1. Would you tally the residues in segment 99-109 being more than 24 Å from THR53 (Cβ to Cβ) and over 9 Å from the mean Cα position of the chain (by Cα)?
2. Scan segment 1-48 for residues that are among the aromatic types (Phe, Trp, Tyr), closer than 25 Å to VAL60 by Cα and at pLDDT below 70 and report the count.
3. For segment 54-98, which positions are modelled with pLDDT of 90 or more, over 19 Å from the mean Cα position of the chain (by Cα) and either open to solvent by 60 Å² or more (accessible area, probe 1.4 Å) or polar (S, T, N, Q) (or both)?
Amino acid sequence: FAVILGFSMVGCSSMSPTVDGKTHVYSLKQHCPALLEMSVGQTLELTLPENPTTGYIWQVVEPQNILKVEEIYRQDQGKSQPPMVGTGGQKQFIFTALQPGEEWIHVKHGRSWEQNPVDEWRCRVRIS
């Protein structure tokens with residue numbers, strides 16, 4: 001019984017992987033906890049696969065009021081190869097906590113002219 005309880009408690013934890021104790025790092029395959037606790041000045045970095053030449057891009061769905069959002073796209077390429085048209089890459093969102101409060105981070109992957117996203121990622125954040 002103790003082992004089962006221990007595993008269930010780990011699943012409810014609001015801990016996330018951090019690089020330096022202040023940066024929470026996620027990818028598409030990593031789910032955000034039910035509520036991610038952050039402090040003012042901390043960041044959440046979300047890295048997602050993207051190929052904008054197909055029309056499918058990652059976008060922030062809801063405007064952010066207490067988080068600053070930066071977007072960076074890096075094309076995948078070999079060390080000795082120049083960038084090539086049609087090659088995919090990685091979209092990185094950097095959300096920086098600006099002030100206390102609670103907010104949803106919601107990004108979707110799709111074409112701007114289509115209603116239904118192909119994929120999405122959400123995270124509820126509380127900043128103190």
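The values are calculated or read from the model by the stated rules, or taken from the named source; none is laboratory data. As the structure is a prediction and not an experimental result, all values here were calculated from the model. Here the Cβ positions follow ideal geometry from the backbone for every residue, glycine too, while neighbour counts run over all protein chains shown. Keep in mind that these areas ignore ligands, DNA and RNA; they rest on the heavy atoms of the full protein, side chains included. Shrake-Rupley method; radii C 1.70, N 1.55, O 1.52, S 1.80 Å.
1. Residues meeting the conditions: 6.
2. We begin by selecting, within segment 1-48, every residue among the aromatic types (Phe, Trp, Tyr); these are 1, 7, 26.
Applying the additional criterion that residues be closer than 25 Å to VAL60 by Cα yields 26.
Within this subset, residues satisfying the condition of being at pLDDT below 70 are none.
Count: 0.
3. THR54
Table: residues versus (1) closer than 20 Å to GLN30 by Cα; (2) part of a strand (DSSP E or B); (3) in contact with a Phe, Trp or Tyr (Cβ under 6 Å, 6 or more places away or on another chain).
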| residue | (1), (2), (3) |
| --- | --- |
| THR53 | no, no, no |
| ILE57 | yes, yes, no |
| GLN64 | no, no, no |
| LYS68 | no, yes, no |
| THR87 | no, no, no |
| ILE94 | yes, yes, no |
| HIS106 | yes, yes, no |
| ASN116 | no, no, no |
| ARG122 | yes, yes, no |
